[in-house]
Amino acid sequence: MSEEENTEDVTPEEAPEAAAEETPAAEEVVEETAEVEVEETAETEEVVEGEVEGAEGEGEVEVEEAATEVAEEVVAEEETQAAPATEKKSDLPPGADLEPLTEPEPEENLSAEELAAREAEEEERAAREAAEEEDEDAPVAKPAPVTLAKDARFIATGKRKRSVARVIVLPGDGTITINDREIDEYFPRARHRTIVNSPLVATGYESNVNIKIRVHGGGISGQAGAVRHGIARALTEVDPELRPELKRRGFLTRDARAKERRKAGLKKARKRPQFSKR
């Protein structure tokens, strides 16, 4: 049936009763809608709370991830900085970076007398070293040449390699004759003449004496050394005070260097013939 037919069937007397019957049904519908709305609001609140908690969790996760990334970057930088150091250490020999072990010196229980003796020795050593340094720095004072008598005659022998020189020192004006020839003629090289004159120049007798020399054996260089040796020895006979200065310069020392003799079965002193197996 349609609504018009329903309305027509209801009488005016029955209208209030029908309205009364309809009101409780409307109230029930309103209550149901209210309950649904309350449930929906509760569900929305729960959803919002879940979203808030999720947002907080996501924020904590992001912070943790950022912290881990920073820590990884710091570790990477430290490794890059430590890498060159390790490379440099690898270039060094093993054990170069280790410090040497130093053992402590044992303590000596010395008496007062021993300590005093040690101190005295150290003071003497220091004074000796200082005196030696002063002697090396200070120029050596040459003694004044001695005036020789007219009939004075001093003889000495000098040797070098296979040369032998017999020297005679006489009062004069500085003339040197070797095997009845002048020194410039016998020793044309200036180096050899300097060797011969060195003892006279060192002592200041280059213009106070005449020297006659007979030399034989060896070569020109060996003869020059033998003449110097003989002149130095003759000067020590003239004035014994010249000995320390001549000794310090090495003019009185016999130079023992010489050519080694040939051996039997060899070509020279040590040179051997060529060996052939076949």
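Among His229, His216, which comes first, second and so on when ranked by fewest other beta-carbon atoms within 10 Å? Let's see the in-between values first.
On the way: His229 25, His216 12.
By the 10 Å Cβ count, ascending: His216, His229.
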Subtracting the Cα-Cα distance from 0.36 nm times the residue separation, let me have the gained length for Asn109 to Glu65 in nm, one decimal. 8.9 nm
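Please report the net charge: other residues with Cβ closer than 11 Å to the Cβ of Leu246, K and R +1, D and E -1.
+3
How high is the relative contact order of region 154-249? Use alpha-carbon pairs under 8 Å, at least six apart in sequence, and give a whole percent. Could you put the intermediate results ahead of the total?
Details: 183 pairs, mean separation 41.1, N = 96.
Worked out over region 154-249, it gives 43 percent.
Quick note: the coordinates plus some simple rules give every number you see, no bench work behind them. Values in this document were obtained by computation on a predicted structure and should not be read as measured data. Because the Cβ atoms are built from the backbone with ideal geometry, glycine has one as well, and the counts that use them run over all protein chains shown.
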